[in-house]
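See structure below.
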Amino acid sequence: MSQPFNDRVEAFCRRLTDRRTDGTLAAAKGTAELLRQLVTSSRLNTPEVMLAEVKRVGLRIQAAKPIELVIGNIVRRVMHIIREEMEAEQEEQDDDLVAGAAGDVAAAGAASVGGLSRAFRHPFAAPSSRTLSLHNLLDQGALDEAADVAAQQHQQQAAAAAAASPPTQHSGGSGRRGSFEEKERKGRAGQWDRKQEVIDGVNDLIQELKDIDDAIASQAVEHIHANEVVLVFGYSRTVLHFLRRAAEKRNFEVVVAEAAPTYQGQQMAAELAAAGIHATLIPDSAIFAMMARVNKVIATAHALLANGSVMAPVGMHVVAMAARRHSVPFVVLCGIYKLSTLFPHNPSVNFNDFRDPADLLPRDHEAVALPRRARAEALLRLAEEGNEWRAGLPSGLPELTVANPCYDYVPPELISLFVTDQGHGFMPSYVYRQLTEFYHRQDFILDKQQLDQLIG
Amino acid sequence: MTCWCYIQSGSIIPPWVAVPAGNLLAGAMQAVVLLLNEPGLQPLALPALLPAGQAPAVEFTLRWLESSNCTEIHLVTPSGTDQLNAYLKRAGWAGGARRGGAAVHVMTAPGCQTEGEALRFVEQKDVIKGDFVLVSGCVVGNADLKPVLQAHLARRAADRQAIMTLLMHGGPRTCSGAATGGAQQQGRCLAVIDPRSQQLMKLEQGGRVGSHGVSLGTHMLSERNSIAVRTGLRLSHVYICAPDVLMLLSDNFDYQSMAGDLVPGVLSEQELGSTLFISELARGYAERISTLAGYSSVVEDVLSRWTYPWVPDNSGDQQDLCRFNRGTYVDGTAIMASGTVVSKGSLIGHGSIVESGACLERSIIGSDCHIGRGAFLQASCLHSGVRVDDNCRVSSAVLGEQVVVRAHARVETGVLLAKHTVVDTAHSVPAGMRVSLIQHKAGGPGSDDEMEWGDEDSAQVAAAEAAAGALAAGGIPEAPLDFDQHVVGAFGAGFAWSEPAATALDVLPLVLGSQSSPSDCDSEVEDFTKDAQVVEEMGDEEEHATGADQFKREVAETFLRCIKERISHDNAVIELNGLKIAEDRTFADCARYIFTTMLSLCLPASPTVKAEYRALFPEGQLDPKSKEGRLELLRRINAQLKSWKALMQRFLKSSDDQVELLLTFEEYCAEEGDFASGESGAVFAELFPQVVKLCYDQDVLSEDSILDWAREKEHASDEDRHFVDMCADLLAWLEDAEEETDSEEEGSDEE
């Protein structure tokens, strides 16, 4: 890739690593814009090269901040767009082929393999590009075979026809066995003619990210009813938008938990109050007591995982548990771009971001200095005692660890509803279905090697 | 701040003219990082390349500056340019594989020892075009500099004379008055500021700030209604400077250190109109690596995430798989056998192998290390490629690259092994030792600080490395070198860089120094007794035992009465003087009994003390055998010394008097002579060197007299020399210090 582009990627990575980009949405937007730049680059002539490059750059950005799962999501979305265009192209060409090469090929394929579903399907439709389901599960291998046979026949025909028309990829989406010369020829022929569609697709994705809050907020009136008491936790731009929109039509009350140690709930309460919504600010410790009076919890998420759980700002688990105890619906507002294909047990997900302990305790606080001093003194004493080696420092020394985790895991059974920008709410159990809609199966795990290393 | 753009476009506006505020906020700054040699870290490699966590310290500095909008960073270093450049290239800061972001340039300033010299060098190079951030030393930080930079630039826009902003750490938050660790205690300074504008009017720093009081000129109050005197502030060694600062340094070529010379210089030249400001860091981290203690403290902070987001598990590197789990960092490529014990605050680096039964307690293992079976590491820091064999014990030490510690060896507290050294099987490296393959030349201090070596030296080093390599592999070197066997063992490789630098003595005053209350500024006992002192000693030395005893009791009683009735120093001096004249005694006689009474005041009252004075003695028996007891005792002695040092000084005019005092103290500790009965002097025997050190610190004893005392005892019998031997460390240190102060006045500023 060109140097300026690489520089831009590296600069963005540095910003991510150094925590200079704030929030998931900014990370998602930044990634999407870089990838748009990448796919518009004139060097990516074939869909294969494009996929590989998007994956490579995507993995680089993801590595800069592994905790930010949306980066991987955006990369998968873009790859999905490319794959869809490949499929569409494939289908188109297959149609031409069928029209041109008459029925003998189809007959040959049809004669060699059987299958109920084939009766309803186009014989050249790439099988594995379709979602794996009960309808085509058994056909998988057979169809591949059929495609191969057909491809060979077609190739012979094509050779006989002295390559009058540019040959296409015909071995089916799964194999991508298009021969080298063909790719070469295509490269010489110029740009992939569906490139513009891919760029448009990425543009749509960026637009989706831009409108995300509005799209979610448009459903506000359906979820918030008159005179309800809504509990929110900390600050969230999305939630604020949502409540403001609801307040245009409805009259309701909001209880805001301040969310230590950032205390951004205070800002949230201030902004809600400024928007004319009746807000009550409570400390986190009062959440459980307050829950009895609450009709609904509106929460936000850092990432939505494949099993329907969410990674949420720290403290959300407590809120969800309290809501469950009082049978209060726990609604998560979540742009679909946060939907990740990873499961929480996946080693690249299962960790937290531990932030600066200074949020909790100033470093020059006596409690921080004391253990260190005590240890130094103990070591000195050990040194003075000379040969009297003990197995380590004496027990009972002061010891203080300040942990400032950033995220919480909220299991699916505590979540009542997801409200996304896709115009309808869904339950956690429906998440797997959403996955197949937005991502391609092959992209579910982007970096197999890294994954193996992590498990190994 | 891109004023230099104006210059480049051919404008005639001088570079230091502040540009309008609108530009400033969005703009970026230049930064200068001075990576001078740190004598406190020798013989380790460049301080900038010492690993803190996984990455070298300079990486932290660069990331921090880049995050603070510095787009052009100049590293000034007197040596090691090649290593630095190699690292910068590898890490993508410079060279072909440069990532976006800040541009980093390395400037070699050969022979630069001080901040002043280095900055004059920068000035000559003419690379600084506008206001810039000056970082002196390798500072690891995450404090947000942006608001400070903005405030500085806004101030500059309003007043061109506001040439510098000093970044300071605030004081400790709790008022318990306890020290906040050795490294932090250093560099506390006293600052007089205008509370409203944060303008700095006086800055005092050094070991005993504020103990002599501070004089404030009335001019300070001429323009403002209030001033604030702050004692808890600490320099962070980060300055935001206008280019004028460089010009000032060039004009005053004798300025060496920023805080020590430049700041007082500017403040004393009010008429020039330049003003300095301070900015107190409300939160955020910024610590310099300049001593071994400072280094280990920074490493510990990095591991406890105070430098977030620059922590080992957030390198942003694709290849880096360091994970943070329950307080320990383990790299994905590291191999740990089952049965290893790794405590919180440990790190196991890339590709390292830890064998079964090894125990790591708050230790950091760099990349590609090998820790043998049953090895035990405690609060240690291992750089890359270190091999620690089976059943070794390493405690609170720093092991440089490729160091080999062979089976059953021990490395004791405070040891520093520079790269490629080898410790022989079952050898024990004594505490506080610094070992290197390079032989430390005992030449002038100038050559001391140079890590560079000439051609013949490099050949020597190559030979040493070859020998060390052979020894590390368990063989015998072809050309055996005369390594210091008492340090590294018969088949070890390494020379002692310096003898154990009396770590105990170094640390103790730090621990004790915390007790200084800001109120003991009452050293203003002048004039009053001058005439009394002119009455000189009639020193006939013969004493009758009974007379001596009586005089001793008299002095003690007078002294106690003075304390009890809170008689002022001056009057106490008069009373004691009167006693002296009446009994026809010397000053030393008075001093010695005052001193012993003072010491006895640190212990619970003995039965011989009169009931009326018992209240003066502390309650509760101390256990002088335990560490706590001893520390507490030292603390009390320190407090006593502090409050009575003025009095002592009155009676210890000459060096002879002071030697006399030391002899008395010996007697007192040994419970012989005058003190044979009823005194619990033996308690202090164990603390003899520490107490002498305290006296030295409080200026009660001068270094000359301590050395004289030692010399006097030189030919005494072994028994007599007992206490002198105890003080061997202190004496060596004093001798060193003397040489240093003789040859180089600068030393204290750099510490």
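Miscellaneous remarks
- Some residue of region A:410-422 being modelled with pLDDT under 90 and open to solvent by 20 Å² or more (accessible area, probe 1.4 Å): yes
- Residue list for region B:412-436, filter: within 11 Å of chain A (Cβ to nearest Cβ), open to solvent by 10 Å² or more (accessible area, probe 1.4 Å) and not charged (D, E, K, R): B:Thr413, B:Gly414, B:Ser428, B:Pro430, B:Ala431
- Screening A:Ala275 with (1) buried (at least 23 other Cβ atoms within 10 Å of the Cβ); (2) within 23 Å of A:Glu222 (Cβ to Cβ) gives one miss only, at (1).
- Criterion applied to A:Leu38, A:Leu34 was being within 14 Å of chain B (Cβ to nearest Cβ), more than 26 Å from A:Pro344 (Cα to Cα), at pLDDT 90 or above and touching a helix residue (DSSP H, G or I) at 6+ places or on another chain (Cβ under 9 Å), and the one residue passing it is A:Leu34.
- Across region B:312-334, the qualifying residues are those that are in contact with a strand residue (DSSP E or B) (Cβ under 8 Å, 6 or more places away or on another chain) and within 8 Å of chain A (Cβ to nearest Cβ), and the one among them that is farthest from B:Val354 (Cα to Cα) is B:Ser315.
- Which listed residue is under 25 Å from B:Arg636 (Cβ atoms), at pLDDT 80 or above and open to solvent by 50 Å² or more (accessible area, probe 1.4 Å), from B:Glu686, B:Glu660: B:Glu660
- Meets criteria (at pLDDT below 90, within 13 Å of chain B (Cβ to nearest Cβ) and under 21 Å from the mean Cα position of the chain (by Cα)) for A:Gln450: yes
Condition check ((1) surrounded by 22 or more Cβ atoms within 10 Å (Cβ to Cβ); (2) in a loop (DSSP other than H, G, I, E, B); (3) not polar (S, T, N, Q)) across all residues:
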position	(1), (2), (3)
B:Trp306	yes, yes, yes
B:Ser315	no, yes, no
B:Asp320	no, yes, yes
B:Tyr329	yes, no, yes
B:Gly332	no, yes, yes
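- Scan of region B:371-392 for residues that are within 14 Å of chain A (Cβ to nearest Cβ) and not aliphatic (A, V, I, L, M), ordered by number: B:Gly374, B:Phe376, B:Gln378, B:Ser380, B:Cys381, B:Asn391, B:Cys392
- Every residue from region A:246-272 that is in a loop (DSSP other than H, G, I, E, B), closer than 20 Å to A:Val221 by Cα and of a type outside the set (A, V, I, L, M, F, W, C): A:Arg250, A:Asn251
- Condition check for A:Thr31: open to solvent by less than 40 Å² (accessible area, probe 1.4 Å) and part of a loop (DSSP other than H, G, I, E, B): no
- For region B:393-411, a residue qualifies if it is within 13 Å of another protein chain (Cβ to nearest Cβ), in a loop (DSSP other than H, G, I, E, B) and surrounded by 24 or more Cβ atoms within 10 Å (Cβ to Cβ), and the qualifying residues are B:Ser396, B:Ala397, B:Ala409.
- Complete set of residues in region B:277-302 that are away from chain A (no Cβ under 11 Å) and either of a type outside the set (Gly, Ala, Ser) or part of a strand (DSSP E or B) (or both): B:Phe277, B:Ile278, B:Ser279, B:Glu280, B:Arg288, B:Ile289, B:Thr291, B:Leu292, B:Tyr295, B:Val298, B:Val299, B:Val302
- Where a residue in region B:44-70 is closer than 25 Å to B:Gln402 by Cα and its partner, wherever it lies, is part of a loop (DSSP other than H, G, I, E, B) and basic (Lys, Arg), with Cβ under 9 Å and at least six apart: B:Leu44/B:Lys419; B:Ala45/B:Lys419
- Scanning region B:580-594 for residues that are part of a helix (DSSP H, G or I) and more than 17 Å from B:Gln649 (Cα to Cα) returns B:Ile581, B:Ala582, B:Glu583.
- Here B:Ser626, B:Ser677 are screened, and the one residue that is assigned by TED's automatic domain parsing to the domain that holds B:Ala591, at pLDDT below 75, of a type in the set (Gly, Ala, Ser) and within 28 Å of A:Leu397 (Cα to Cα) is B:Ser626.
- Residue match in region A:74-86 (condition: closer than 25 Å to A:Asp204 by Cβ, over 26 Å from the mean Cα position of the chain (by Cα) and either modelled with pLDDT under 90 or in a helix (DSSP H, G or I) (or both)): no
- Of all residues assigned to region B:235-250, none qualifies as being modelled with pLDDT under 85 and of a type in the set (D, E, K, R).
- Selection status of A:Arg76, in the same structural domain as A:Trp192 (by TED's automatic domain parsing) and open to solvent by 30 Å² or more (accessible area, probe 1.4 Å): no
- For region B:24-69, a residue qualifies if it is outside any helix (DSSP H, G or I), under 30 Å from B:Arg156 (Cα atoms), open to solvent by less than 10 Å² (accessible area, probe 1.4 Å) and not hydroxyl-bearing (Ser, Thr, Tyr), and the qualifying residues are B:Met29, B:Gln30, B:Ala31, B:Val32, B:Val33, B:Leu34.
- A Cβ distance below 7 Å, combined with a sequence gap of six or more or placement on separate chains, defines the contacts here; from region A:56-83, residues that are within 14 Å of chain B (Cβ to nearest Cβ) reach residues that are surrounded by fewer than 24 Cβ atoms within 10 Å (Cβ to Cβ) and acidic (Asp, Glu) in the pairs A:Leu59/A:Asp447; A:Ala63/B:Asp317; A:Ile67/A:Asp353.
- Just one residue in the set A:Thr40, A:Thr21, A:Thr17 is over 25 Å from B:Ala91 (Cβ atoms) and more than 15 Å from the chain's Cα centre (by Cα); that residue is A:Thr40.
Quick grid of which residues meet (1) touching a residue at least 40 places away in the same chain (Cβ under 8 Å); (2) in contact with a strand residue (DSSP E or B) (Cβ under 6 Å, 6 or more places away or on another chain):
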{"residue": "B:Asp126", "(1), (2)": "no, no"}
{"residue": "B:Lys129", "(1), (2)": "yes, no"}
{"residue": "B:Leu134", "(1), (2)": "yes, yes"}
{"residue": "B:Asn142", "(1), (2)": "yes, no"}
{"residue": "B:Leu145", "(1), (2)": "yes, no"}
{"residue": "B:Ala154", "(1), (2)": "yes, no"}
{"residue": "B:Leu166", "(1), (2)": "yes, yes"}
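- Residues of region A:41-55 satisfying the condition of being assigned to a loop (DSSP other than H, G, I, E, B), in contact with a helix residue (DSSP H, G or I) (Cβ under 9 Å, 6 or more places away or on another chain) and either free of Cβ contacts under 8 Å to residues at least 40 places away in the same chain or not β-branched (Val, Ile, Thr) (or both): A:Ser41, A:Arg43, A:Leu44, A:Asn45
- Region A:394-409: number of residues that are crowded, with 18+ Cβ neighbours inside 10 Å and within 18 Å of the chain's Cα centre (by Cα): 2
- Residues that are more than 14 Å from chain A (Cβ to nearest Cβ), touching a Ser or Thr at 6+ places or on another chain (Cβ under 8 Å) and assigned to a strand (DSSP E or B) were ranked within region B:88-143; the one that is surrounded by the fewest Cβ atoms within 10 Å (Cβ to Cβ) is B:Thr108.
- Restricting attention to region B:467-486, the residues that are surrounded by 16 or more Cβ atoms within 10 Å (Cβ to Cβ) and touching a Pro at 6+ places or on another chain (Cβ under 9 Å) total 5.
The values are calculated or read from the model by the stated rules, or taken from the named source; none is laboratory data. Keep in mind it's a predicted model, so treat the numbers as computed, not measured. Because the Cβ atoms are built from the backbone with ideal geometry, glycine has one as well, and the counts that use them run over all protein chains shown. Keep in mind that these areas ignore ligands, DNA and RNA; they rest on the heavy atoms of the full protein, side chains included. Shrake-Rupley method; radii C 1.70, N 1.55, O 1.52, S 1.80 Å.
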